[in-house]
Amino acid sequence: MKALFATAPWTVECRDNAEPTGSNPSAVRVGFETGLVAAGTLRILRGKITDAVSKNFTYPIILGASGLGRVMDDSADGQFRAGDRVAINNVVTCGQCRFCLSGRDNLCANGQLSGIDLDGTFRDVVAVAGKRLIRVPDTLDHRLGVMGTEIAVLVRALRLGRAELGNVGRVAVVGAGSLGAHAVQLARHFDAETVYAADVDESRVEIARTLGASLAATPEVLADWIDEDPLTRAPNVTLVVTDHPDAISTAIRITAARGCVVCIGLPDGDRGILKAFYPNVIKKELTLRGCYAKSADDLARTFALISDSTYRVIEDFVEIPLSAEGAEFMSKEAVNWPDGKRYVIRNVSRP
């Protein structure tokens, strides 16, 4: 059995790895087919795992946050049958804390992340608890399937905004990269009246337009346009879907009074952001929400949404084989991976 191990920064090895026995009665063996190289994986490759992501991370570790695969045996509880196509949730929850018991397992007090806090999914066979599996249709494009766990965070963010205000109204997306472009698509499924998008990259702005943003522009242009008539133009819910250090300040500037800003991810760089936006939080009585993980229910809703035939694949994907050649590529090329592309691990030994 092969697995991709990160043994140090910039060092990935394809090693033999014992096949899991599935001795835990709740474990389901899944034959891994494909998985996304997510942001946490890139931080590990580049030696940039910080306390904000994991306080206990150590090398070596099997990489891989989530993934798609096929169930290998009927599960003990009868929930899954051999051959079922499934997505693997990257969040490992305890099922016993007050958050798990109340359906808010995204806030699990003992939560861990696959591929960061414990060995991940980039291996021939993965044994995981059945509660981490979501059955997905055979017809689902694998490029959307591998994005499911990331798109689910956006679903969570939109649900938070709707819960805060009762409806999402006008929605703005600050950061129209890969995830931000998905947010533009998803906002329509949450009955947004209109959707705006902002990005410093003109090519991303154009993609947002093609996906249905009624106005897509650079942050300054969008903010100036909203300032002309904030009463009828300002978004009620703004999602920050980028690590640009100015993004949160932009979101606070453009959001309507009594609106909600939902921040996904962590700002990049050392620039202090509190001083720039704090007065507007007070003046406009804004709600500022964080959104880092998704619940099992968010994940189930996400796969239902992206299985719709009208949902579009928007990423440019590069496939890396689960092999020694793939490990060498990851070791040498991770620093050069261009923004705007998505990298996935494919198990070439499986169809």
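Quick notes
- Output for segment 205-220, where each listed residue is closer than 17 Å to Glu315 by Cα and either touching a strand residue (DSSP E or B) at 6+ places or on another chain (Cβ under 7 Å) or open to solvent by 50 Å² or more (accessible area, probe 1.4 Å) (or both): Val205, Glu206, Ile207, Ala208, Arg209, Thr210, Gly212
- Residue that is most open to solvent (accessible area, probe 1.4 Å), among those in segment 33-45 that are within 19 Å of Thr242 (Cα to Cα) and not hydrophobic (A, V, I, L, M, F, W, C): Arg43
- Ser349 outside any strand (DSSP E or B) and surrounded by fewer than 16 Cβ atoms within 10 Å (Cβ to Cβ): yes
- Residue satisfying all of: in segment 160-191; among the basic types (Lys, Arg) and at pLDDT below 95; farthest from Ala256 (Cα to Cα) among these: Arg188
- Enumeration of residues in segment 247-268 that are at negative phi, open to solvent by 40 Å² or more (accessible area, probe 1.4 Å) and at pLDDT below 90: Leu266, Pro267, Asp268
- In this entry, Ser178 is excluded by the filter for residues that are surrounded by fewer than 18 Cβ atoms within 10 Å (Cβ to Cβ) and among the hydroxyl-bearing types (Ser, Thr, Tyr).
- Segment 319-346, residues that are of a type in the set (A, V, I, L, M) and at pLDDT below 90: Ala334, Val335
- For first residues located in segment 64-92 and more than 11 Å from Val28 (Cα to Cα) and modelled with pLDDT of 95 or more, partners that are acidic (Asp, Glu) and part of a strand (DSSP E or B) and lie 6+ apart or on another chain with Cβ distances below 7 Å form the pairs Leu68/Glu33; Gly69/Glu33.
The values are calculated or read from the model by the stated rules, or taken from the named source; none is laboratory data. It should be emphasised that the depicted structure is a prediction, and the values quoted were computed from it without experimental measurement. Every residue, glycine as well, gets a Cβ built from its backbone with ideal geometry; the counts of neighbours run over all protein chains shown. Accessible surface is based on the protein model in full, side chains and every heavy atom, while ligands, DNA and RNA are left aside. Shrake-Rupley method; radii C 1.70, N 1.55, O 1.52, S 1.80 Å.
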